[in-house]
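Enquirer: Here's a structure for you.
The values are calculated or read from the model by the stated rules, or taken from the named source; none is laboratory data. Since this is a predicted model, take the numbers as computed values, not measurements. Here Cβ is always computed from backbone atoms with ideal geometry, including for glycine, and neighbour counts include all displayed protein chains.
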């Protein structure tokens, strides 16, 4: 299977395929390869230290980027441009609460979130960005401060791999921890199902935005959470609180969908007000959409 | 323990309902994990019939509620400890005491009590005994028991009353008592064997169930008695006639004393022959207004004092004046009415004739009642005056004759005129009386009314408050009793002048007018005498409500019960006093004079009675017959208390289950 997957890198972005890979680093690499394979056919430049182009120096350009070798040979000043040339840091906040353990198919929300986190980390490391990680539920369970040292990626991937669904969710805890240890500007990717009030999310994100951080929220939801299909009444038990409630198929087909859509829309608006990007991700979808959005986000903020 | 209403136990079948309900289950027995319930809301669970019962604890309590409810309705009771188990050879000894008035004679009652004591002593141990008192009714004084002490206690407290005993009714009561008894019954009747107590038909003395009848005579040969048999009062002559009779008595000289309102006012010596009857008359009494108490008694009395006296209520006759309104005071209608009313012998009546115009200055309240010869002669002002008079309690007799024809409504009452029926001239076509309410006091004893011929009459429409006393053959009302507030109006829908009918010239006209006059004057509704054992209510003396006091002055009917339709049973002799509406009325209650006759049953008749009863047949030996010693102690209050407790627990458990099913953290 691995041979076939490797032969078609784009195929590697499917969650089911990634789930078959035993090593998270392999998952991240396969996903990134699949992503970059697709990018060659896309209008995007991509992000790396590879040379992109020369252009004539114009007033206002940073003289540090003048290619002095060219100037020596031609006595003309050219600016040498690289893809992904700006170094920054990326901190991934991964929600490992109990609700993230929900799954209606082969891949749970937490698994999908781990793939996404690992891929983001791998992608950032490939661009020589410093990568940090906070895994949380009601408390911060893992914390890796951003670093671009060799071996840090493995440490982060290992931490992500160990993450298990825990208890409840408290968004204020990881954001508070992040503010305590992070001073410079950078990127913050929050991966969660965001079963919280939009105001609670704003309270955590807004201080980061004021701090100069660029925040992207990946809301990971299962298809059964977005468009549940019940054939008969069911007694649903909250995975975090243990509360049970008997619901009818009619309600889940109509009113529930309206409510979850309203919630997502509220989160999106709240994120926009806080200066953050909001990306809804379904565990049924391949990773590339999320990664493309991240790259767009990275390019825009870089 | 027993159940007083065991049929209610069928209610236990209702436990099927909770059992069925507890097999109902929601369709989602298995829980499913879900990320968050923050966007969910509980839906109505769809129910299916589960194979197994669920929520067994709750079910148990619900079944308990229903069972206890049915049990409480079945009225469980604890029986008192059985006094004893009756032996196989036991019999029921029914001791019956004659408590009629004649048992008050001399030493009859002490003798009867001694006889009863002897019977109790002679009853074999192991036999049951029951004590009954018979007079006007039969009363069970002591239920079947083995204990003689209770019987003796009741016997000592028993005394004869004023009633009359009929042996036929006595044997009927014995039948009813002995019918449900599984033991052989031996009847011990202690009586004075009065001939007058024998029933009309000798066969009534036969018991319908096998029993042994022992009759004990409490009388002694040669006992004599005088008694006041009757007292009658004639208002017209103001005379009181008294009849005194002796039974088995020698010639005697006695005084007959008249006591008026508690004072001895007159006395007459009587020479009574052996077994003879003598009458006496008293007149010239100085009677007070309203009802007077008159007591007649013999002096000296005899061994049976209770019949040596008799009570009567006497009212002073007040001459009454009747106003007759007529257009022609010398006309035929006035003549017929005046003649009829002045012929009445019961009460002196003066008829004052007047035209409506001439009567405008008269005080109508001074008249016993008012008669109008023809309603058509009344003006509106006259009608209004008469209406006020009637509304205040007056009586009005009004004929609807020739002059009424053409009016739209009857004056005073406002009845709608439907027209005048013309059947033919005198001697031609006519109609007669169809139906008559003979129960009405004004029409009592009048039965020749159907002889009258009616050629014309006025048709009016009765109102619901009317009482139609007489109807013609075609159903049209002829005589209507119409209530108008406190008073009443009698409407006669034909004429009184012989033009429309021949009633005024028939003999029945006088008693009819007399009855109507007494009814309108309010004299018929007053009862002054009642028999012992009857009931009395304030309505019997013309009062809507009131208090009744017995001859001893005790309140027999209090204010609280007044007007509620309650009646008083007359069990004492003397004067019952009824107070109400500012009036005091009296009702005299006397002993049945037949009890004065102390003659004994002929010996051969007594022997036939003894032999008449079915011999005591072989009655199945009593097996395990228990005698209940005491009234059952009701247990339902305790069951009800337990039921309330179970309901509380059931509610709590039910609520707990509901919380679980609704997803509320328990």
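Enquirer: Quick check: is even one residue across the stretch A:180-193 closer than 26 Å to residue A:89 by Cβ and in a helix (DSSP H, G or I)?
Expert: Scanning the stretch A:180-193, I find at least one residue that is closer than 26 Å to residue A:89 by Cβ and in a helix (DSSP H, G or I), so the answer is yes.
Enquirer: Here is a follow-up. Applying the selection to the stretch A:97-111, what residues are in contact with a helix residue (DSSP H, G or I) (Cβ under 6 Å, 6 or more places away or on another chain) and either free of Cβ contacts under 8 Å to residues at least 24 places away in the same chain or within 14 Å of chain B (Cβ to nearest Cβ) (or both)?
Expert: Correct list: A:100, A:101, A:102, A:104, A:108, A:109, A:110.
Enquirer: If residue A:233 passes every condition in (1) in contact with a helix residue (DSSP H, G or I) (Cβ under 8 Å, 6 or more places away or on another chain); (2) within 14 Å of residue B:36 (Cβ to Cβ); (3) surrounded by 16 or more Cβ atoms within 10 Å (Cβ to Cβ); (4) free of Cβ contacts under 8 Å to residues at least 40 places away in the same chain but one, which one does it miss?
Expert: (2)
Enquirer: Do we find a residue being modelled with pLDDT of 85 or more, buried (at least 21 other Cβ atoms within 10 Å of the Cβ), more than 33 Å from the chain's Cα centre (by Cα) and under 30 Å from residue B:229 (Cβ atoms) anywhere in the stretch B:282-295?
Expert: yes
Enquirer: Okay, next question. What about residue A:264, is it without any contact (Cβ under 8 Å) to a residue 12 or more places away in the chain, surrounded by fewer than 19 Cβ atoms within 10 Å (Cβ to Cβ) and in a helix (DSSP H, G or I)?
Expert: Considered against the rule, which asks whether it is without any contact (Cβ under 8 Å) to a residue 12 or more places away in the chain, surrounded by fewer than 19 Cβ atoms within 10 Å (Cβ to Cβ) and in a helix (DSSP H, G or I), residue A:264 comes out as no.
Yes/no per residue for (1) modelled with pLDDT of 90 or more; (2) surrounded by 21 or more Cβ atoms within 10 Å (Cβ to Cβ):
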{"residue": "B:320", "(1), (2)": "no, no"}
{"residue": "B:324", "(1), (2)": "yes, yes"}
{"residue": "B:329", "(1), (2)": "no, no"}
{"residue": "B:340", "(1), (2)": "no, yes"}
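Enquirer: Here's something else I'd like to know. Going by the structure shown, is residue A:246 facing chain B (nearest Cβ under 8 Å) and part of a strand (DSSP E or B)?
Expert: Here the answer is yes, as residue A:246 does meet what is asked.
Enquirer: Identify all residues within the stretch B:612-630 that are surrounded by 10 or more Cβ atoms within 10 Å (Cβ to Cβ) and either farther than 30 Å from residue B:200 by Cβ or modelled with pLDDT of 75 or more (or both); write none if there are none.
Expert: B:612, B:619, B:621, B:622, B:625, B:626, B:627, B:628, B:629, B:630
Enquirer: Test each condition in (1) modelled with pLDDT under 75; (2) within 11 Å of another protein chain (Cβ to nearest Cβ) for residue B:52 and report the one that comes out false.
Expert: (2)
Enquirer: While we're on this one: Being in contact with a helix residue (DSSP H, G or I) (Cβ under 8 Å, 6 or more places away or on another chain), assigned to a helix (DSSP H, G or I), within 30 Å of residue B:498 (Cβ to Cβ) and in contact (Cβ under 8 Å) with a residue 12 or more places away in the chain narrows it down to one residue among B:381, B:371; which is it?
Expert: So the residue among B:381, B:371 that is in contact with a helix residue (DSSP H, G or I) (Cβ under 8 Å, 6 or more places away or on another chain), assigned to a helix (DSSP H, G or I), within 30 Å of residue B:498 (Cβ to Cβ) and in contact (Cβ under 8 Å) with a residue 12 or more places away in the chain is B:381.
Per-residue answers, yes or no, for (1) under 15 Å from the mean Cα position of the chain (by Cα); (2) surrounded by 21 or more Cβ atoms within 10 Å (Cβ to Cβ); (3) at the interface with chain B (Cβ under 10 Å from one of its Cβ atoms); (4) free of Cβ contacts under 8 Å to residues at least 40 places away in the same chain:
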site	(1), (2), (3), (4)
A:199	no, no, no, no
A:220	yes, yes, no, no
A:225	no, yes, yes, no
A:237	no, no, yes, yes
A:255	no, no, yes, yes
A:277	yes, no, no, no
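For (1) buried (at least 21 other Cβ atoms within 10 Å of the Cβ); (2) more than 25 Å from residue B:610 (Cβ to Cβ), each residue gets a yes or a no:
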position: B:100; (1), (2): yes, no
position: B:116; (1), (2): yes, no
position: B:128; (1), (2): yes, no
position: B:131; (1), (2): yes, no
position: B:140; (1), (2): no, no
position: B:147; (1), (2): no, yes
position: B:162; (1), (2): yes, yes
position: B:168; (1), (2): no, no
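Enquirer: Could you pull out the residue among B:35, B:25 that is surrounded by 12 or more Cβ atoms within 10 Å (Cβ to Cβ), at pLDDT below 70 and within 14 Å of chain A (Cβ to nearest Cβ)?
Expert: B:25
Enquirer: Against the condition away from every other protein chain (no Cβ under 11 Å), surrounded by fewer than 18 Cβ atoms within 10 Å (Cβ to Cβ) and modelled with pLDDT of 85 or more, how does residue B:60 come out, does it pass?
Expert: So residue B:60 fits the description; yes.
Enquirer: Restricting attention to the stretch B:260-281, does a residue exist that is within 27 Å of residue B:137 (Cβ to Cβ) and surrounded by 14 or more Cβ atoms within 10 Å (Cβ to Cβ)?
Expert: No, the stretch B:260-281 contains no residue that is within 27 Å of residue B:137 (Cβ to Cβ) and surrounded by 14 or more Cβ atoms within 10 Å (Cβ to Cβ).
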